[in-house]
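Peer 1: One structure coming up, written as structure tokens, with questions to follow.
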Amino acid sequence: MSMTSEIIIASGLPRSGTSLMMQMLHQGGIPAVTDEIRTADTDNPRGYYEFESVKKTKEDPSWLPDARGKVVKMVSSLLYDLPVTETYRIIFMRRDIDEMLESQEKMLARLSRTVAPRDQMKKSFSIHLDRLFHWFPTQPHIKLLEVNYNDLLSTPESEICRVAEFLDHVPSKTLMCAAIDLSLYRNRRETPAQGLVLPAKVD
């Protein structure tokens with residue numbers, strides 16, 4: 001099936017790298033579905049690329065036909081709400097769990113919101129992901145690609161090639177690569193090797 005008739009979704013747990021994937025795909029040439037209601041801030045200096053209607057997909061999926069051939073961001077818990085009347089290519093972001101939770105904790109603290117105990121969040125996310133990845137294979141209208149955020153930043157060439165292949169080589173690999181800014185990788189468990197340089201061209 002042609003990608004112009006399918007909806008591309010960047011998904012994952014909160015703070016797993018979905019905004020980065022949205023930036024990469026948009027810069028690579030795939031239109032992004034976003035209303036820009038949630039603006040850029042300290043936690044996401046390049047913006048969140050969110051679309052409020054996504055949160056109400058179960059009640060009102062009328063926005064979906066206009067998203068064909070485009071990419072939209074959707075937190076993983078909402079994927080169950082996608083109607084089977086459309087076909088989707090989901091790029092699911094994975095990230096080191098402690099990095100992800102640290103990033104989320106800092107963001108919630110800046111917003112003066114309550115932070116749940118980390119062990120409790122780990123257990124909750126583990127149960128959620130286990131259920132979700134048992135559900136994916138039962139959905140013939142969904143194609144899935146997992147991308148590890150940590151691998152994407154440490155070995156961008158290979159990960160970007162995987163993304164491009166999954167999307168029929170439509171997005172520019174060079175432009176996707178240019179969207180990666182290592183200075184924004186602030187919550188990390190280990191410091192990347194000194195002198196890590198992103199390739200200037202990977203097409």
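The values are calculated or read from the model by the stated rules, or taken from the named source; none is laboratory data. Nothing here was measured: the structure is a model prediction, and the numbers come from that model. Cβ coordinates were reconstructed from backbone atoms using ideal geometry, including for glycine residues, and neighbour counts include every protein chain displayed.
Peer 1: How many residues are more than 15 Å from Tyr88 (Cα to Cα) and not polar (S, T, N, Q) if we restrict to segment 126-144?
Peer 2: Of segment 126-144, the ones more than 15 Å from Tyr88 (Cα to Cα) are 126-134.
Retained after the next criterion (residues that are not polar (S, T, N, Q)): 127-134.
Of the residues in segment 126-144, 8 are more than 15 Å from Tyr88 (Cα to Cα) and not polar (S, T, N, Q).
A quick yes/no check of all residues on (1) at pLDDT below 95; (2) polar (S, T, N, Q):
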| site | (1), (2) |
| --- | --- |
| Ile97 | yes, no |
| Ser103 | yes, yes |
| Arg113 | yes, no |
| Lys122 | yes, no |
| Asp130 | no, no |
| Ile142 | no, no |
| Leu152 | yes, no |
| Glu159 | no, no |
| Glu165 | no, no |
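Peer 1: Now for a different question. Does any residue in segment 153-169 that is in contact (Cβ under 8 Å) with a residue 24 or more places away in the chain and crowded, with 20+ Cβ neighbours inside 10 Å come within less than 6 Å, Cβ to Cβ, of a residue that is among the aliphatic types (A, V, I, L, M) and not in a loop (DSSP other than H, G, I, E, B) six or more places away or on a different chain, and which pairs are these?
Peer 2: Ile160/Met176
Peer 1: Say we look at segment 137-152 and pick out the residues that are in contact (Cβ under 8 Å) with a residue 12 or more places away in the chain and part of a helix (DSSP H, G or I); which of these is farthest from Asp98 (Cα to Cα)?
Peer 2: Initially, segment 137-152 is screened for residues in contact (Cβ under 8 Å) with a residue 12 or more places away in the chain, giving 139, 141-150, 152.
Subsequent filtering for residues that are part of a helix (DSSP H, G or I) retains 149-150, 152.
Values: Tyr149: 13, Asn150: 12, Leu152: 17 Å.
Step by step, filter segment 137-152, then rank; the result is Leu152.
Peer 1: Mind listing just one residue for me: the one in segment 153-173 that is part of a loop (DSSP other than H, G, I, E, B) and among the aliphatic types (A, V, I, L, M) and, of those, nearest to the chain's Cα centre (by Cα)?
Peer 2: Of segment 153-173, the ones part of a loop (DSSP other than H, G, I, E, B) are 155, 167-172.
Adding the requirement that they be among the aliphatic types (A, V, I, L, M) leaves 167, 170.
Values: Leu167: 14, Val170: 18 Å.
Per the criteria, the residue is Leu167.
Peer 1: Could you please find all residues in segment 1-42 being among the β-branched types (Val, Ile, Thr), at pLDDT below 95 and more than 17 Å from Asp96 (Cα to Cα)?
Peer 2: Going through segment 1-42, the residues among the β-branched types (Val, Ile, Thr) turn out to be 4, 7-9, 18, 30, 33-34, 37, 39, 42.
The next check asks that each one be at pLDDT below 95; those that pass are 4, 18, 34, 37, 39, 42.
Thr4, Thr34, Ile37, Thr39, Thr42 - these are the residues of segment 1-42 that are among the β-branched types (Val, Ile, Thr), at pLDDT below 95 and more than 17 Å from Asp96 (Cα to Cα).
Peer 1: Conditions first: (1) at pLDDT below 95; (2) under 26 Å from Asp151 (Cα atoms). Lys70 passes all but one, so which condition is the exception?
Peer 2: Unmet condition: (1).
Peer 1: Residues in segment 64-86 that are of a type in the set (S, T, N, Q), surrounded by fewer than 19 Cβ atoms within 10 Å (Cβ to Cβ) and assigned to a helix (DSSP H, G or I): how many?
Peer 2: Of all residues in segment 64-86, those of a type in the set (S, T, N, Q) come to 76-77, 85.
Still in the list and also surrounded by fewer than 19 Cβ atoms within 10 Å (Cβ to Cβ): 77, 85.
Adding the requirement that they be assigned to a helix (DSSP H, G or I) leaves 77.
Number of matching residues: 1.
Okay, residues lined up against (1) β-branched (Val, Ile, Thr); (2) out of contact with any strand residue (DSSP E or B) (no Cβ under 6 Å at 6 or more places or on another chain); (3) in a strand (DSSP E or B):
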residue: Ile91; (1), (2), (3): yes, no, yes
residue: Glu99; (1), (2), (3): no, yes, no
residue: Ser103; (1), (2), (3): no, yes, no
residue: Lys106; (1), (2), (3): no, yes, no
residue: Met121; (1), (2), (3): no, yes, no
residue: Ser124; (1), (2), (3): no, yes, no
residue: Ile127; (1), (2), (3): yes, yes, no
residue: Phe133; (1), (2), (3): no, yes, no
